[in-house]
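A short write-up of the structure that comes next.
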Amino acid sequence: MPYNEALTNAAQAFEVYKKTTPAQRAQLLRSIAEAIEALGEELLETASRESNLPLARLTGERGRTCSQLRLFADLVDEGSWVEAIIDTALPDRQPLPRPDLRRMLLPLGPVVVFGASNFPLAFSTAGGDTASALAAGCTVVYKEHPGHPKTSQLVHKAIVQALQANELPEGVFQHVSGDVEVGQELVKHPATKAVAFTGSYIGGKAIFDLAMQREVPIPVYAEMGSTNPVFILPEKLKENTAELARQAAASVLLGAGQFCTCPGLLFVPESEVTEGFMEALEEELSKSTPAKMLHDGIAGNYYKGLKKLLQAEGVQALVHQEAHVLEGRAALASTSAAQWLQNPALQEEIFGPFTLVVRYSSDAELISAAKALQGQLTCTLWGSHYEQQLQQELTDVLRDKCGRLLFSGVPTGVEVSPAMTHGGPFPATTDSRSTSVGTYAIKRFARPVTFQSAPQALLPAELQDENRTGLWRTINGKLSQSSL
């Protein structure tokens, strides 16, 4: 469908869809999940052929896709996400009376969603961006990712079926194919009210810049990747050297390193124990079986970025295999913290099964490295319980650098839950106040509106006196959750 027709349809459908009840939107989301599941093996086999991802991985991803649709349905049903707040009138207040004020979040309008290459289901056609936008009451124009067009068309078909079953306009969800120019036009179109993107820094930053150049700028929620540093403290390394190496390697290798939370930086102390850790890590990566990457373009960029990094001063290649047209072969390199601090290019993400070990000589050097970090999706601090207790300064620095701070485990594997933040300071994302995973993602596509001294009949249902159940509000200046 032409992009201009799609956005015209989405804008017209928004006038209908924004008036739907929470129950209607929740039912639509559940219907989409059921329609996707009804596609059966055809969807998984198609996605596997287009992405080179194994069926087992895609089965889990389909489950995640449908689960997050149902999660947003439950959120919409529950209702408190709209943050309905009522300040009742105080006509006798001195020196001036207070009017009746009622505020809640309302949908922005048509949202353009760009699909991700590495998640053909969970971050694509009916992925988290689409689910959260539809849950908020926005219509969606989805820009198909060229890496898995047939998969996207199948999911689009399922969404259309769900819209028809719920007697909603097909303009609520529009599917667009095309090149980079089409994507640019979608961002520039006056009907577009927000953009969601998952992909590279170059792509996300270009979309953001384009949105800021519009006559009416719009929010862009672009997730653009991260090196996800892991900071390893001496006592923790000494406690379980081999196991930490195994955990790190498994996380680097997961999905051929094609996760935006792949740990691309490991900060380790200069010590005798570190040599054992490095040997174990080298062994784990060296013996790994290469896996096909999503497509040859991603494989080419992986080896190109790897070659550039390994040519940098002070960087030593420890595991380095010959480039392949499609396979992602594990790689490992090492450098000193002093050298890393002098070369900002060593912070650039290399999308694939690679990690750079950075050796630090003191706590002060470790703090300096943490302060020099760019914005990240995740930061991880591996330390013994006692060590972690003593690292308040490091924790404070890392907290300001990322959207998720881990104290155990590995950054790969992002739980879809209300408490999850999948975002972070620039350049990890274009807006550190948002997340693309978890229920808080719905807030990206809504804006606060206050109604002052409005007649009850003209208020949204959530703000009317007769519909206060379970809504947050202030009454005479006190915040409470009503049980009326």
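The values are calculated or read from the model by the stated rules, or taken from the named source; none is laboratory data. The shown structure was predicted, so the numbers you read here are calculated from the model rather than taken from an experiment. Note that we place each Cβ from the backbone using ideal geometry, even for glycine, and neighbour counts take in every protein chain shown. We work out accessible area using only protein heavy atoms, side chains counted, and drop any ligands, DNA or RNA first. Shrake-Rupley method; radii C 1.70, N 1.55, O 1.52, S 1.80 Å.
Here is how the numbers come out for the structure above:
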{"read-out": "Accessible surface of the stretch 61-197 [probe 1.4 Å, protein heavy atoms]: carbon and sulfur percent", "value": "54 percent"}
{"read-out": "Cα centre as origin, Lys/Arg/Asp/Glu Cβ charges: the stretch 85-191 dipole, Debye", "value": "200 debye"}
{"read-out": "Positive-end extreme of charge dipole, the chain - chosen from Gln164, Gln258, Leu53 (charges on Cβ)", "value": "Gln164"}
{"read-out": "Kirkwood hydrodynamic radius of the stretch 144-295, from inverse mean 1/r over distinct Cα pairs, in Å", "value": "19.4 Å"}
{"read-out": "Contour minus Cα-Cα distance for Asp179 and Ser408 (0.36 nm per residue)", "value": "78.3 nm"}
{"read-out": "Shape category assigned to the stretch 146-191 from the gyration tensor of Cα positions, a/c cut at 1.5", "value": "oblate"}
{"read-out": "Ranked packing of 244-254, 449-459, most packed first, by mean Cβ within 10 Å", "value": "244-254, 449-459"}
{"read-out": "The chain: antiparallel DSSP beta bridges as a percent of all, rounded to 5", "value": "40 percent"}
{"read-out": "Point-charge dipole on Cβ atoms (K/R +1, D/E -1) for the stretch 155-288, about Cα centre, debye to 20", "value": "560 debye"}
{"read-out": "Listed residue (Gly403, Gln456, Leu390) projecting farthest to the positive dipole end of the stretch 390-461, Cβ model", "value": "Gln456"}
{"read-out": "Size of charge dipole - the chain - debye, nearest 20, with Cβ of Lys, Arg +1 and Asp, Glu -1, no other charges", "value": "1080 debye"}
{"read-out": "Rg ratio (alpha-carbon, reference 2.2 N^0.38 Å) - the stretch 44-180", "value": "1.40"}
{"read-out": "Rounded, prolate or oblate (a/c below 1.5 giving rounded, otherwise prolate when a/b exceeds b/c) for the stretch 153-217 by Cα gyration tensor", "value": "prolate"}
{"read-out": "Translational diffusion of the stretch 1-110, µm² s⁻¹ [Kirkwood Rh, Cα pairs; Stokes-Einstein; 25 °C; 0.890 mPa s]", "value": "138 µm²/s"}
{"read-out": "Overall form of the stretch 262-389 per C-alpha gyration tensor (a/c, 1.5; a/b vs b/c)", "value": "prolate"}
{"read-out": "Those trypsin sites (Lys or Arg not before Pro) in the stretch 269-348 that DSSP places in a loop and that have at most 13 other beta carbons within 10 Å", "value": "Lys287"}
{"read-out": "Around Ile298: net Lys/Arg minus Asp/Glu count, Cβ-Cβ under 14 Å", "value": "-1"}
{"read-out": "Filtered GluC sites (Glu not before Pro), the stretch 132-179: DSSP coil and at most 13 other beta carbons within 10 Å", "value": "Glu167"}
{"read-out": "Quarter of Cα convex hull surface for the stretch 413-467, i.e. mean projection, nm²", "value": "5.6 nm²"}
{"read-out": "C-alpha long axis of helix 3-17 to longest principal axis of the chain, angle in °", "value": "50 degrees"}
{"read-out": "The stretch 313-368: antiparallel DSSP beta bridges as a percent of all, rounded to 5", "value": "35 percent"}
{"read-out": "Part-to-part distance (alpha-carbon centres) for the stretch 173-206 and the stretch 93-118, which is given in Å", "value": "23 Å"}
{"read-out": "Inter-part distance where the stretch 1-71 and the stretch 261-326 are each reduced to a Cα centre, Å", "value": "36 Å"}
{"read-out": "Per residue accessible area in Å² of the stretch 245-342, where ligands, DNA and RNA are left out and the probe is 1.4 Å", "value": "45 Å²"}
{"read-out": "Spin-label proximity, Ser453 to the stretch 82-100 - amide N less than 11 Å from point 7 Å beyond Cα toward beta carbon", "value": "97-100"}
{"read-out": "0 to 90° range, to nearest 10: angle between helix 363-372 axis and the chain longest Cα axis", "value": "50 degrees"}
{"read-out": "Those Cys residues of the chain for which no other cysteine Cβ falls under 4.7 Å", "value": "Cys66, Cys138, Cys260, Cys262"}
{"read-out": "Positive dipole terminus of the stretch 269-315, leading residue within Thr289, Tyr302, Phe277 (C-beta point charges)", "value": "Tyr302"}
{"read-out": "Antiparallel bridges, percent of DSSP beta bridges restricted to the stretch 55-167 (to nearest 5)", "value": "50 percent"}
{"read-out": "Sulfur and carbon atoms: percent of accessible area, the stretch 232-313 [1.4 Å]", "value": "48 percent"}
{"read-out": "Under the Debye formula (equal points on every Cα, no solvent term), log10 I(q)/I(0) of the chain at q = 0.07, 0.09, 0.11, 0.12 Å⁻¹", "value": "-0.42, -0.67, -0.94, -1.07"}
